[in-house]
């Protein structure tokens, strides 16, 4: 199990991060200021640090600079300071990623998994998580989430969503979806696809699966969907 150190002085954000990361299979350590964070970092073995910039006692940039003098452990800066200058400074101090506040938890979770994969430290099943906007699909545990809400999907609905999320923007004909989800030996009415997509749309409660007239369906890419 990967261990993540959260250095964040706002109790509410600290608690949300702790709960969300723990629910996603990570062990979490927390510190409320930069000085405490550095102390915990030097005493505990961690695989990744989520580091705020505006911290009491020792600010995040200084903390990152000190961490880099002794370790190459991945560090993601999570901060309300979102100017280009601050981001350039963070990457110049060898931050692995920079996430401006406010942020979406599913996006942060995907970035954590991506950094752990990239640095060869991923020990959880989060690398099997498929993300598209605020939709997350856990292929290993067969669970799907919209934001923080778990969706109650049938097997076919889950498999349809997986096809779309693995190929955002790509158009699928009904016959192709039948082949992928129901199997190539299925000889029933292809309109069954319409029924399942209609039900899936209701459960997603948003218009992200679009009908392409005369062709089939596609999942809108991030930024195109309408709430």
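The values are calculated or read from the model by the stated rules, or taken from the named source; none is laboratory data. Since we're looking at a predicted model, the values are computed, not measured. Note that we place each Cβ from the backbone using ideal geometry, even for glycine, and neighbour counts take in every protein chain shown.
For residue 98, the requirement of being part of a helix (DSSP H, G or I) and touching a helix residue (DSSP H, G or I) at 6+ places or on another chain (Cβ under 8 Å) is not met. Against the conditions (1) touching a residue at least 12 places away in the same chain (Cβ under 8 Å); (2) under 30 Å from residue 76 (Cα atoms); (3) outside any helix (DSSP H, G or I), residue 120 satisfies every one except (1).
Name every residue in the range 76-95 that is more than 19 Å from the chain's Cα centre (by Cα), within 25 Å of residue 12 (Cα to Cα) and not in a loop (DSSP other than H, G, I, E, B), in order of residue number. Answer for the range 76-95, where residues must be more than 19 Å from the chain's Cα centre (by Cα), within 25 Å of residue 12 (Cα to Cα) and not in a loop (DSSP other than H, G, I, E, B): 86, 87, 90. Return yes when residue 68 is more than 22 Å from the chain's Cα centre (by Cα), at pLDDT below 95 and either surrounded by 14 or more Cβ atoms within 10 Å (Cβ to Cβ) or under 14 Å from residue 7 (Cα atoms) (or both) and no when it is not. The answer is yes for residue 68. Just checking, does the range 18-33 include any residue being assigned to a helix (DSSP H, G or I), modelled with pLDDT under 90 and in contact with a helix residue (DSSP H, G or I) (Cβ under 8 Å, 6 or more places away or on another chain)? Scanning the range 18-33, I find at least one residue that is assigned to a helix (DSSP H, G or I), modelled with pLDDT under 90 and in contact with a helix residue (DSSP H, G or I) (Cβ under 8 Å, 6 or more places away or on another chain), so the answer is yes. Against the test of being outside any strand (DSSP E or B) and within 24 Å of residue 16 (Cα to Cα), the options 62, 73 yield a single qualifying residue, 73. Listed by first and then second residue, the pairs linking a residue in the range 8-27 that is farther than 17 Å from residue 47 by Cβ to a residue that is surrounded by fewer than 17 Cβ atoms within 10 Å (Cβ to Cβ), with Cβ atoms under 7 Å apart and 6 or more places separating them unless they lie on different chains, are 9/56.
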